[in-house]
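**Q** Got a structure for you, questions after.
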Amino acid sequence: MSTTTTYKSWVLNEYVKGELNKDNFRLVEQPLPKDIPTNHVLIRTLYVGFEPAMRPSISLGKSYREPHPLNTPMWAFGIGVVAESKSSRYKRGQKVVGMLDWSEYTVLPEKEVWPYDADVGLQHLSALSAPGVAAHVGLVAVANVKKGDVVLVSAAAGATGSVAIQVAKAVGASRVIGIASKSKCQSVLDNGADACVDYTSPNFESDLRKATNRKVNVYFDNVGGKILDAALPCMAMFGRVALCGMIAEYNKIGADAAEKFGIKNLIVAVSQSLTLRGYVVIKGLTPDDDLRRANRELTQWIKEGKIKASIYDFPQPGIEHCPDALKGLLVGQNTGKMTLRIAKDAREVLAASSSKL
């Protein structure tokens, strides 16, 4: 057993109303388990990733999932190393991935843990985790993107949007346009987009019409609100819109209707015969075949170098900064996937088996 006797975790202290703050969570310290069940492993967390979907899960507004229970560790997908094992599948010291929570240590059944692939590296937290799978499912299964399509992606510098750009290119889109802030547009172009439109510009709507020539076949939306409203008039006849996220609206969950943004250009969905479909990537709601295809193709494209999502390593490592990293994600601090080194030696531990950090 590890010489460490206690560990820290962040639990949900109260549901969020309006803007998220650190008081919504509580840092607790507890003893490491002296024993673990058969077919389970004790994992020391190295890295965790942060998702926009965390925000609606900690509010009481209507959502596709039950609100996260109070006084329980906040959820997160992460990379860790087995500290103790009562599993025939995993040995002590083996690197793994799974739902490790905002916690320095987690006990999981072996069936909820997967081996860490050194050839994939930190892409486990981005292109091969929820953001990447959401990008693939949204474009391929929901929007049915085809070779030659013109594709528009909002929040194009984020974890999901950056993968969506590369997936669109991998399947043969003729032109891909990203939407991002001026400071992030270069990273969007570096990921393969043919153009990037600055949504902070006072001329955003006219710039978007010019960049798309109003011939968008597929719009992959992560933002909602004013960005979605501006994109609708840019759609081609029979265009398809995959509604992946609404990050502009998450802090308004539970708020009065007057505080929410009303879509003004929805009539375009009728005049252009558009299909708008919302979706969530979660087992039980997403067909297993779609999940398997996404995992298979993303893994192949990562190893072939066709997809490499940007990773934003939160500047201050350590379990203490989990709420700060989530808040940073929600205000757009990151370019690419927001991650946090829970263990300050995380880079060295992963480097021992791979240079792909």
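The values are calculated or read from the model by the stated rules, or taken from the named source; none is laboratory data. For clarity, every value in this text was computed on a predicted model and none was experimentally measured. Positions of Cβ are generated from backbone atoms using ideal geometry, with glycine treated the same way; all protein chains shown enter the neighbour counts.
**Q** Can you pull out every residue in the range 88-144 that is among the basic types (K, R) and farther than 20 Å from D288 by Cβ? Write out each step before concluding.
**A** Residues of the range 88-144 that are among the basic types (K, R), as a first pass: 89, 91-92, 95, 111.
Once the filter is applied, which keeps residues that are among the basic types (K, R) and farther than 20 Å from D288 by Cβ, the range 88-144 yields R89, K91, R92, K95.
**Q** Going through the range 136-184 one residue at a time, which ones are β-branched (V, I, T) and farther than 23 Å from F204 by Cβ? I'd like the intermediate steps shown before the answer.
**A** Residues of the range 136-184 that are β-branched (V, I, T), as a first pass: 137, 140, 142, 145, 150-151, 153, 160, 163, 165, 167, 171, 176-177, 179.
Residues satisfying the conditions are V137, V140, V142, V145, V163, V167, V171.
**Q** Restricting attention to the range 66-89, and to residues there that are of a type outside the set (G, A, S) and part of a strand (DSSP E or B), which single residue is farthest from D117 (Cα to Cα)? Explain how you work it out, then say what you get.
**A** Keep residues of the range 66-89 that are of a type outside the set (G, A, S), which gives 66-75, 77, 79, 81-82, 84, 86, 89.
Pick out the ones that are also part of a strand (DSSP E or B) and you get 73, 77, 79, 81-82, 84.
Values: P73: 26, F77: 15, I79: 10, V81: 12, V82: 15, E84: 20 Å.
For the range 66-89, the residue satisfying everything is P73.
**Q** So, S162, is that one of a type in the set (S, T, N, Q) and either assigned to a helix (DSSP H, G or I) or not assigned by TED's automatic domain parsing to the domain that holds N222 (or both) or not?
**A** On the way: of a type in the set (S, T, N, Q): yes; either assigned to a helix (DSSP H, G or I) or not assigned by TED's automatic domain parsing to the domain that holds N222 (or both): yes.
Here the answer is yes, as S162 does meet what is asked.
**Q** Going through the range 35-65 one residue at a time, which ones are in contact (Cβ under 8 Å) with a residue 24 or more places away in the chain and assigned to a helix (DSSP H, G or I)?
**A** M54, R55, P56
**Q** Considering only residues of the range 104-158 that are touching a Gly at 6+ places or on another chain (Cβ under 6 Å) and in a strand (DSSP E or B), which is nearest to C196 (Cα to Cα)?
**A** If we take residues in the range 104-158 being touching a Gly at 6+ places or on another chain (Cβ under 6 Å) and in a strand (DSSP E or B), then V153 is nearest to C196 (Cα to Cα).
**Q** If you don't mind, another one. For residues in the range 190-207 being without any contact (Cβ under 8 Å) to a residue 60 or more places away in the chain and part of a loop (DSSP other than H, G, I, E, B), which is nearest to M246 (Cα to Cα)?
**A** For the range 190-207, the residue satisfying everything is Y199.
**Q** Where the second residue is among the hydroxyl-bearing types (S, T, Y) and in a helix (DSSP H, G or I) and the first is touching a residue at least 40 places away in the same chain (Cβ under 8 Å) and lies in the range 164-189, which pairs have Cβ atoms under 9 Å and are six or more apart or on separate chains?
**A** Once the first residue is touching a residue at least 40 places away in the same chain (Cβ under 8 Å) and sits in the range 164-189, its partners that are among the hydroxyl-bearing types (S, T, Y) and in a helix (DSSP H, G or I) give S187/S162.
**Q** If you take the residues in the range 309-337 that are of a type in the set (A, V, I, L, M) and modelled with pLDDT of 95 or more, which one is nearest to G224 (Cα to Cα)? Spell out how you get there, then give the answer.
**A** Within the range 309-337, the subset of a type in the set (A, V, I, L, M) is 309, 311, 319, 325-326, 329-331.
Subset that is modelled with pLDDT of 95 or more: 319, 325-326.
Values: I319: 31, A325: 22, L326: 19 Å.
Ranking the qualifying residues of the range 309-337, first place goes to L326.
**Q** Counting only residues that are surrounded by fewer than 16 Cβ atoms within 10 Å (Cβ to Cβ) and over 30 Å from G178 (Cβ atoms), how many does the range 327-353 have?
**A** 6
**Q** Between a first residue in the range 208-234 that is under 14 Å from G278 (Cα atoms) and a second residue that is part of a helix (DSSP H, G or I) and among the polar types (S, T, N, Q), which pairs have beta carbons less than 6 Å apart while being 6 or more apart in sequence or on different chains?
**A** N222/T160
**Q** Looking only at residues that are assigned to a loop (DSSP other than H, G, I, E, B) and small (G, A, S) in the range 261-277, which one is surrounded by the fewest Cβ atoms within 10 Å (Cβ to Cβ)?
**A** Start the filter on the range 261-277 by keeping residues that are assigned to a loop (DSSP other than H, G, I, E, B), which leaves 261-266, 272-274.
Pick out the ones that are also small (G, A, S) and you get 262, 273.
Values: G262: 9, S273: 12.
Residue satisfying both the conditions and the ranking: G262.
**Q** For W114, indicate whether it is of a type outside the set (G, A, S), within 28 Å of G224 (Cβ to Cβ) and assigned by TED's automatic domain parsing to the domain that holds L340.
**A** On the way: of a type outside the set (G, A, S): yes; within 28 Å of G224 (Cβ to Cβ): no; assigned by TED's automatic domain parsing to the domain that holds L340: yes.
Here the answer is no, as W114 does not meet what is asked.
**Q** Please go through the range 306-326 and pick out each residue that is in contact with a helix residue (DSSP H, G or I) (Cβ under 8 Å, 6 or more places away or on another chain) and surrounded by 15 or more Cβ atoms within 10 Å (Cβ to Cβ).
**A** Residues of the range 306-326 in contact with a helix residue (DSSP H, G or I) (Cβ under 8 Å, 6 or more places away or on another chain): 306-311, 314, 316-317, 323-324, 326.
Hits for the range 306-326 are K306, I307, K308, A309, S310, I311, F314, P317, P323, D324, L326.
**Q** Follow-up. For residues in the range 238-253 being aliphatic (A, V, I, L, M), under 17 Å from the mean Cα position of the chain (by Cα) and part of a loop (DSSP other than H, G, I, E, B), which is modelled with the lowest pLDDT?
**A** If we filter the range 238-253 for residues that are aliphatic (A, V, I, L, M), which is where we start, we get 241-243, 246-248, 253.
Checking which are under 17 Å from the mean Cα position of the chain (by Cα) leaves us with 242-243, 246-248.
Filter once more, keeping what is part of a loop (DSSP other than H, G, I, E, B): 246-248.
Working: M246: 85, I247: 78, A248: 67.
Among those that are aliphatic (A, V, I, L, M), under 17 Å from the mean Cα position of the chain (by Cα) and part of a loop (DSSP other than H, G, I, E, B), it is A248.
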